[in-house]
Structure formats: structure tokens, C-alpha cells
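The values are calculated or read from the model by the stated rules, or taken from the named source; none is laboratory data. Remember, it's a predicted structure, so these values are computed and weren't measured experimentally. Note that each Cβ is placed from the backbone with ideal geometry, even for glycine, and that neighbours are counted across all protein chains shown. When the accessible area is computed, the model is the full protein with side chains, heavy atoms only, and any ligands, DNA or RNA have been set aside. Shrake-Rupley method; radii C 1.70, N 1.55, O 1.52, S 1.80 Å.
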Amino acid sequence: SLDISQGETKIILGPSGVGKSTILRAILGLLRPKSGKIYIHGRDITGLRESELVKIRLRMAMVFQQGALFDSMTVGENVSYRLREFNLFDPVKIESRVQEVLQFVGLQGAKKLKPSQLSGGMKKRVAIARALAPDPEIFLFDEPTVGLDPLNWYNVEHLIMKLKERQDRTLVIVTHDVESAFRLADSIVMLHN
């Protein structure tokens, strides 16, 4: 069993292959558990139809381990993707929101670049900007600093700390890095075997 309170930063810690990322996919409703229940804001999501899950997912955002950016799109198009796909804002507000979140991650000048023109750390920050664009209540991070050099590691952790400053945001961070876990966590759950 795992409880995550609103506004909490929960770290899921454990070695590779233990099921940390699987928990994130289950929270998103991408995987359905064979038994048990998953509650988001008090609502059991395990039996919901896809159309109902989409509404729940709009309140969440996932930053995937490899960033999962669309190579054929610019940074600005990647960041605005969910906003446009679900018609969350009018075009003027979308443009302004993209600028706002790119500035937040320190990439305001990268809007017209393609992912192939970005470093690994920049791709991760674009992925964070894309997750932040619809202003979700719940952020899910899958190994946000894996594969990054020390400077980009620091930059990504710093962004996560800035997200933590808003008490209404819930962050669930999967990692196997103990030092990072202690720096970021309000509480930690350890998976083993």
C-alpha cells in the first residue's frame, strides 16, 4: 500500500527492475493492476473507461525517463502539444503559456529548435516544460536525472525544487539515487524484491 498526500513530494526508491516505473504507469492508468485499487483524489481509477481516464490524466503530467519528445516537432510545438490536443486554452493563451514555462526551465530561446538540436539536459528541461504547460496538480517523474552530467543534474533538481515550492502540487519521483531522494523528498517509500 502507498499513500501520497496532496502537496507532498513522495520519492519511490529502489533498484532497477523492482517496479518503480510500473507504479507511475499504474497511477496514470496506462497499466491496470491485477488486484487492488488506485485512488486519485478519492476516486478509484482501476475500472474507469479510457474516456474517463483522460479526464483524470489532464490533472496529471508525466516526465518520462528519456523525455519522450516528438522529434518532428519544435520545442514550442512539443511544449504546447497537450494544450492544443485538448483545446485547453485559446491560441493566444497557448503561446503565452509556452513562453512562460520555457522561461521557467531556462529555455526561452529554444522554442524554434528541434529535439535533435538539444543536449540531454535541455531535452529533460523541455519535457518538464511540457509537463508544466497545462498546470497539473500531480507531477510524475521517472528517473528525472538519470544519464545527466553533474551540471544538468543540478539544473533538473533545481527545477523540481522550484515546483515543490507550490504547496498545492503533488510530486511523485521515481529514482534509484539515494542522495537525490534525500534532497527532494518529503517522504520516501522503498521498494525491494
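Tabulated data for the structure shown
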| read-out | value |
| --- | --- |
| Pick from segment 4-24, criterion among the β-branched types (V, I, T) and assigned to a helix (DSSP H, G or I), ranking: surrounded by the most Cβ atoms within 10 Å (Cβ to Cβ) | I23 |
| Meets criteria (open to solvent by 30 Å² or more (accessible area, probe 1.4 Å) and touching an Asp or Glu at 6+ places or on another chain (Cβ under 6 Å)) for R59 | yes |
| Residue list for segment 164-180, restricted to those being of a type in the set (A, V, I, L, M) and surrounded by 17 or more Cβ atoms within 10 Å (Cβ to Cβ) | L171, V172, I173, V174 |
| Residue count for segment 78-100, restricted to those that are outside any loop (DSSP other than H, G, I, E, B) and over 21 Å from V156 (Cα atoms) | 11 |
| Subset of segment 101-115 (residues that are closer than 23 Å to Y154 by Cα, loosely packed, with under 15 Cβ neighbours inside 10 Å and either at pLDDT 90 or above or touching a His at 6+ places or on another chain (Cβ under 9 Å) (or both)) | Q103, G106 |
| Within segment 116-126, tally of residues that are in contact (Cβ under 8 Å) with a residue 12 or more places away in the chain and surrounded by fewer than 15 Cβ atoms within 10 Å (Cβ to Cβ) | 3 |
| Residue in segment 76-93 that is surrounded by the fewest Cβ atoms within 10 Å (Cβ to Cβ), counting only those that are basic (K, R) and within 22 Å of S116 (Cβ to Cβ) | R84 |
| Looking only at segment 136-163, and only at residues there that are of a type in the set (A, V, I, L, M) and modelled with pLDDT under 90, the one that is surrounded by the fewest Cβ atoms within 10 Å (Cβ to Cβ) | L151 |
